[in-house]
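No lab work stands behind these numbers, since they all come straight from the coordinates. Note that the structure is predicted; figures quoted are calculated from it, not measured. Positions of Cβ are backbone-derived with ideal geometry, glycine not excepted, and every protein chain shown enters the neighbour counts.
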Amino acid sequence: MKILSRSKVWLLFTILLLFVAVPATSAAEIREGDRVVIASSEVIDDDLIIFSNHVEMNGTVKGDLITTASDIIINGTVEGSIAASGQSILVNGPVNGTVYAGGYLVTIGQDATIGRNVFAGGYQIKTEKGSEIGRSLYTGSQQTIVNGDVADDVVTESSTLVINGSVGGDVSGTVADPSGSVTAPPPFVPGMPAVTLEPPGYTTGPTADIGGEENIEIGTTPAPARTFTQQVTDVSLPRLGEFLALILVGALLIRFWPAFMQGTDTILGTRFFPSAGWGCLTMILFPLFVFIALGALFITALLVGGILTLGTLVTQIAALGGTALAFTVALFLVTFLTISKVVVTYFGGKRLMARFSKSENPNPYWAVVIGALIYEILAAIPIVGTVIAFIVILFGLGAIFTFIQRSGSHMIATKEYA
């Protein structure tokens, strides 16, 4: 298993902001600026979305808090969940829901009480003594340091894992070989917060209290670190190829099938979350359909070939059926891997342009470009990028399925009343 030898992060569920939270932004409160501070006396009665360089939230948010900034400090109360992306993230107050955080340094402070889980990615993930996580802690990082209390499990893929606090459940995951060297922080932009370098491997301090099992795998010593240029190339080239493919396919669909793009966009705008359900159902049913079709084709060929002597006709029929099935599978794969992403990136890009350009009809081609660019940046995040891609595919497939279903129903209705 590959060991994290550096932080590739700034992980985050900005995807929630762009592709999940966008439909609800009309109800959420949005704040922008170089510095956004929520006073301790201030109460936000709905979801709160913040774009800024510095964020300090000392008040109360009745819904979810979604923010992206260089420096994020959350001292107040969040009655929903938190999705945060930045260089430095500090959660130091009560959170009733789950914390999704990605950054260079993610800290769960001594006054933090998290009602559910914490999902975090970055160079260093740290929980301070006095902090409480109501369920489990999941991390992907260079260093994970647990000084606080975790009610359930700690699951990690880190080069370094240090447990000094209390874990009610199991501690599991993968760490680097203790004989390896400490990996220095990568060369990020100036202003990165200082972190303490811990030796690789898994260690428990004298104050550690683990209630469950310890299932830690020791990985092999990481290979010599690649240069920063090589790292950027490794990540950027595949993303660049897909970025160009999304733009090309999106432009072709806008030019030659605008009704499809408009229809799926409307579906995502009015039935966003149900689209994910239809997408999940499509992913389950299509492999089942292929299996049944292959079985039917095989049985038909056996029956016809065994009962009737039709010479090469049986072979030709089987070949024709196999070709049709192969074409169907290929079409589904193109839809699954590319068109579904085009649909969602167009949807997200269009709404971002409408919000920031104040135009009701933004250029559709630019919408695809902007949406695809944001998607590829998010998809480049290790581990979380895979999750983001899966979520995007689910919503895209669901919108496509609903569009085809509605188009078929419209055609049937037209014939009946013609």
* To do: Tell me the label-point distance for the pair ASN96, GLN262, using the 7 Å Cα-to-Cβ offset, in nm and rounded to one decimal.
  => 4.2 nm
* Give, in nm to one decimal, the length gained when the segment between LEU333 and GLN110 is fully stretched (0.36 nm per residue of separation minus the Cα-Cα distance). => 75.5 nm
* Structure fact -> HIS54 and GLN405 label points (each 7 Å along its Cα→Cβ direction) are spaced in nm at 5.0 nm
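Full-extension gain between ILE299 and ALA208, please, as 0.36 nm times their residue separation minus the C-alpha to C-alpha distance.
Working: separation 91, 0.36 × 91 = 32.76 nm, distance 6.21 nm.
Between ILE299 and ALA208, full extension yields 26.5 nm more.
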* Go through 284-292, 166-174, 149-157, 195-203 and give me the packing order, highest mean Cβ count within 10 Å leading. => 149-157, 166-174, 195-203, 284-292
* What does the highest-first list of 256-265, 204-213, 374-383, 273-282 look like by mean Cβ count within 10 Å? -> 374-383, 273-282, 256-265, 204-213
* FRET efficiency, 1/(1 + (r/R0)^6) with R0 51 Å, evaluated for VAL290 and ASP45 via beta carbons -> 0.55
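Just how large is the dipole of the range 112-163 about the Cα centre, in debye to the nearest 20, putting +1 at every Lys and Arg Cβ and -1 at every Asp and Glu Cβ?
Details: 4 positive and 6 negative charges, 21 e Å.
For this selection, approximately 100 debye.
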